[in-house]
1. Given the Cα-Cα distance of Asp59 and Glu24 and 0.36 nm per residue of separation, how much length would full extension add, in nm?
2. To the nearest 0.05, how large is the calculated FRET efficiency for Thr88 and Gln126 if R₀ is 41 Å and r is the Cβ-Cβ distance?
3. Using amide H atoms built in the peptide plane, which far-off residues or other-chain residues are under 5 Å from Val97 H to H?
4. Please compute the length gained on full extension between Val51 and Glu12, using 0.36 nm multiplied by the number of residues separating them and subtracting their Cα-Cα distance.
5. Neighbour counts of other C-beta atoms within 10 Å: give me Glu12, Glu37 arranged from fewest to most.
6. Which whole-Hz couplings ³J(HN,Hα) result when phi for each residue of region 94-105 is put into the Karplus expression 6.51 cos²θ - 1.76 cosθ + 1.60, θ = phi - 60°, listed in order with x for Gly and Pro?
7. Give me Ile98, Ile35, Ile111, Ile118 ranked fewest to most by other Cβ atoms within 10 Å of their Cβ, as a rough exposure proxy.
8. Test of understanding: in a Gaussian network model of the chain with alpha carbons linked when under 10 Å, which of Arg114, Arg41, Arg80 would top the mean-square fluctuation ranking?
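All of the numbers you see were taken from the coordinates with simple rules; none came from a lab. In this text, all values refer to a predicted model and were calculated from it rather than measured experimentally. Every residue, glycine as well, gets a Cβ built from its backbone with ideal geometry; the counts of neighbours run over all protein chains shown.
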Amino acid sequence: MSNIRINVGGVEIVGVLNSSPLAEKLLSLLPYETIGETWGREVYFPVNLTVDNPDLESDVKVGDIAYWPDGPDICLFFGRTPKSTNDTPVVASPVMVIGTFQFSPDDFDRIERRRNGILVSVGPAQ
């Protein structure tokens with residue numbers, strides 16, 4: 001388990017990655033900065049990772065950090081997505097959950113969105 005710091009549009013969150021090989025690969029890329037987007041109450045952003053035969057699932061929870069191989073992207077689930085029928089997020093297509101993050105309910109609403117997306121920076125937690 002490793003802690004990471006993610007700044008999403010000016011909102012600082014701390015995530016805990018599991019000990020999977022994919023999480024280890026993500027840690028090797030840190031620090032990096034990119035532009036993210038939203039899909040409902042999900043923030044996703046590109047990551048330069050590929051995985052052979054990822055263990056994919058369709059069930060995620062609010063606060064999950066997941067790898068979406070179709071991007072490839074990292075997804076942060078703050079709440080419902082366009083496919084949701086209640087407050088539980090529903091993925092666009094299967095993902096690999098690699099960790100969790102803590103946030104306040106109003107954090108998603110405080111994320112600064114720019115014309116070209118959301119500035120995201122990911123680094124090791126201090």
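1. Additional length available on full extension: 10.4 nm.
2. Using R0 = 41 Å, I get an efficiency of 0.80.
3. When sequence neighbours closer than 5 places are left aside, the close amide H contacts are Glu57, Tyr67.
4. 11.3 nm
5. Exposure proxy ranking, most exposed first: Glu12, Glu37.
6. Per residue, the Karplus-derived 3J(HN,Hα) values read x, 10, 10, 6, 10, x, 9, 9, 9, 7, 8, x Hz.
7. By the 10 Å Cβ count, ascending, the order reads Ile35, Ile111, Ile118, Ile98.
8. Arg114
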